[in-house]
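Reviewing the structure listed below.
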Amino acid sequence: MTNELEEIWTEKYRPKVLEDVVGQTEVVKRLKAFVRSKNLQNLLFAGPAGTGKTTCAIALAHELFGKEWRNNLLELNASDERGIDIIRNKVKNFARSKPLGDVQYKIIYLDESDALTREAQQALRRTMENYTRTCRFILAANYSSKIIDPIQSRCALFRFAPLSDKEVEERLRYIGKKEELHIEESGIKAILEIARGDLRNAINLLQATAATSKKIDEDAVYKVSSKAKPKDIEECVKLALSGKFDEARKKLDSIIINQGLAGEDVIRQIHRIVLGLDIPEEKLVGLLDKIGEYDFRVIEGSDDRLQLDALLAQIYLIGKEK
Amino acid sequence: MNEFIPWAEKYRPKSTKEVVGQNLAVEKALDFVKNFRKEKTKALLLYGPPGNGKTSIVQAIANELNYELIEMNTSDFRTADSIKEKIGHAVTQQSLLFKKGKLILIDEIDGIYGNADRGGLPAIYKVLEESNYPIILTANDPWKSSLKTLRQKCALVQMKRVDIRSEVNKLDEIAKKEGIEVEEDVIHEIARLSQGDLRAAINDLQTICQGRKVVRKEDLKEIEARIKEVQIFDTLLAIFKSKDKKIIFDAFNNSDKSPDEILLWLVENIPKEYEKPGEIAEAFNYLSRADVFKGRIIHNQAWGLQSFVNELMCLGVAFAKREKYHKFTRYSPPGILVKMGRSKFARASRDKVAEKIGKVCHCSKKRAVEQFPYFSIILKKRKLEIELEKEEVEYLKKYT
């Protein structure tokens, strides 16, 4: 155990300039055009987690504002703020003072905008209009379809593709070199397999593996990932499948409460776990059908815990079927 | 024939001394109105079951102190505008009548249901802030989550059910004033049936006295046993043991619990009642569908869907059973609430840590939580450059 303070690698190696952003060539090209003209419209970044949306926003701010970037960029997260009113107030306070430097506007980056209800998005749209002279909004979302049309039509849309294995690998090797890690081919493969194009995940997994083992190979990576994998959820699924519905629900309750996972996260993990199970074909297909259905219901409905209970009941039923 | 005046109105207390069985509440309310000063708490919230004298206290106080009483109830709450129109001016202007002061009564505030009354609650907050006069609100159930902010703005005074002794005395007094001879047993029975709802008791008394000079025990069967609020266990029994729509809806609609609470109770007890996996899965499936409709109500203000939520919930669960189980089930209260309380600490530290990591890593708390396992593993071996308290580091270490 060393006493030195270690920086979080996702931050240490977060690109400062657009040029260094991993992948997203098209996006970067268009963003650079904004930098050249010093002009910016409202933007909508759409794409899965860990593909560079926030990084691009920060890099863009770096390039537009230079060392004043922190003062001219307000980072907000829709899933953290307790309502549109709080967001509006923060925007108001931020927009009150003039931008520092030779740019005419400040940037407000609103991450996970798709967490806002339609109603809140309507309010956000009015806020965007109120500050057109002094602020530019960059909204980030996993799915552009969850953003209401009036906002979409006011933004330039940027689609962030999932990163390819090659792009993730390059970045991991770059970090490996800087940190003087001993990474084996099998280790890289394992990380790619687990991270599935989510660079944040890949880098965190790399750092965690490096903390536990000198040699980063398949073995070390899987050891960390299996330790990191929420075993509780796996157990929960297995309990339900083996007919222990009550125990499965109790497990689920404690997962929701103690780990504070949202319904969508739990379902995503159940999905992953079920795909890895050794069960008869028709049962697997039946399970996937139900998981997909409840993934949808969690989004449409109002009570995550109820939806997850109902999904567990379906898993329990499929487990009982001959 | 004489015009029909409900006795419950006719014998409403004219002064606070006539208010039955609520000495403590009377004292507090009177004190609040008499010593009202603008800068202190502006509003008092009287709460308790129906018919126990909440409104009467307020009216009696206004009468006694010769204040102008401005009343407002559920039907006025629909929109912010209607509230402003009704009391917006009244709370700042002086009384136009020749009265000593003004008292504002906002009755049955829990009748404001969710967002249905758009802007209703905020408009009320505004009234509370601006008012130059004392405001008393009443509610049956002040613990609805939608009333949280309101609760913080008011002093709360609880009013219990009226005790049976006081009810008997009042009923006796009314009978005497009406010149009707009512047997003591009858009065006692009426009071008992009312379960502390004095207004209901007086209504029953009036019904039974209609066209009589003397009321005897055998006349009692004429008044229907009052349908009191159905206790949650009976609601559950109806849904779990019956397939009769009427029985089920009656038990649901008259329940002392809100649909949301009933849902939680059902979720908790389905696996206790039903034994076949198919039944359990189907019952949960319909609860899940009901919740999807609830989501649509919330997201799209599709209020019309509420009845489907209720119906899917009741009938979906009831019809999921092949046959009723002839067994005694000990139904238990929703567990999640209990556990939520216990795990409050865990959730608080989780949120704190997630916030700190989110800030450093430019991500939401939710995403930060997803990455906890990795940080946990790293922290067991290394020190990380995040400003975490010692116990927060411990929390993370224990995460895996």
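The values are calculated or read from the model by the stated rules, or taken from the named source; none is laboratory data. Note that the structure is a prediction, hence the values are computed from the model and not measured. Don't worry about glycine lacking a Cβ; one is built from the backbone with ideal geometry, like all the others, and counts go over all protein chains shown. Heads up: the accessible areas ignore ligands, DNA and RNA and are worked out on the full protein's heavy atoms, side chains in. Shrake-Rupley method; radii C 1.70, N 1.55, O 1.52, S 1.80 Å.
Okay, here's what the table says:
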| item | result |
| --- | --- |
| Within the accessible area of the stretch B:120-249 (1.4 Å probe), percent carbon and sulfur | 49 |
| Probe 1.4 Å, protein heavy atoms only - accessible area per residue of the protein assembly as shown in square angstrom | 50 |
| Cα gyration tensor shape of chain A, rounded if a/c is under 1.5, else prolate or oblate by comparing a/b with b/c | oblate |
| Taking N as its residue count, the alpha carbon Rg of the protein assembly as shown over 2.2 N^0.38 Å | 1.19 |
| Degrees separating the helix B:259-273 axis from the principal Cα axis of chain B, which is the longest one | 60 |
| Qualifying lysines (Cα of each under 21 Å from Cα of A:Lys244; at least 8 residues distant if same chain) | A:Lys231, A:Lys283, A:Lys290, A:Lys320, A:Lys322, B:Lys272, B:Lys276, B:Lys321, B:Lys339 |
| Nitroxide proxy distance, nm - points 7 Å out along Cα→Cβ at A:Lys16 and A:Glu179 | 2.0 |
| Principal-axis tilt of helix A:231-241 within chain A, Cα atoms, nearest 10 degrees | 50 |
| Cα centre as origin, Lys/Arg/Asp/Glu Cβ charges: chain B dipole, Debye | 2020 |
| Most fluctuating residue given options B:Arg12, B:Arg350, B:Arg165, as computed from a GNM of chain B linking Cα atoms under 10 Å | B:Arg350 |
| Spatial separation of Cα centroids for the stretch B:242-283 and the stretch A:106-162, in angstrom | 42 |
| A:Thr25 paired with A:Ser186, simple spin-label distance in nm, labels 7 Å along Cα-to-beta-carbon | 3.4 |
| Radius of gyration, Dmax [the stretch A:195-315; alpha carbons; angstrom] | 15.7, 47 |
| Calculated FRET value between A:Ser97 and B:His188, using beta carbons and R₀ = 60 Å, to 0.05 | 0.20 |
| Shape category assigned to chain B from the gyration tensor of Cα positions, a/c cut at 1.5 | oblate |
| Degrees between helix A:53-65 axis and first principal axis of chain A (Cα, 0 to 90, nearest 10) | 20 |
| Net charge, A:Lys146 excluded, C-beta distance under 13 Å - Lys, Arg +1, Asp, Glu -1 | -4 |
| Calculated over the stretch A:165-228: convex hull of Cα atoms, volume per residue (Å³) | 67 |
| Interface burial for B against A (accessible surface, 1.4 Å probe, total of both chains, Å², rounded to 100) | 5600 |
| Inter-chain shielding of B:355-365 (mean C-beta neighbours from other protein chains, 10 Å cut-off) | 5 |
| Burial ranking of peptide ranges B:59-71, B:388-400 (average Cβ count within 10 Å, highest at the top) | B:59-71, B:388-400 |
| Gaussian network model of chain A, Cα within-10 Å springs - most flexible of A:Ile273, A:Ile148, A:Ile216 | A:Ile273 |
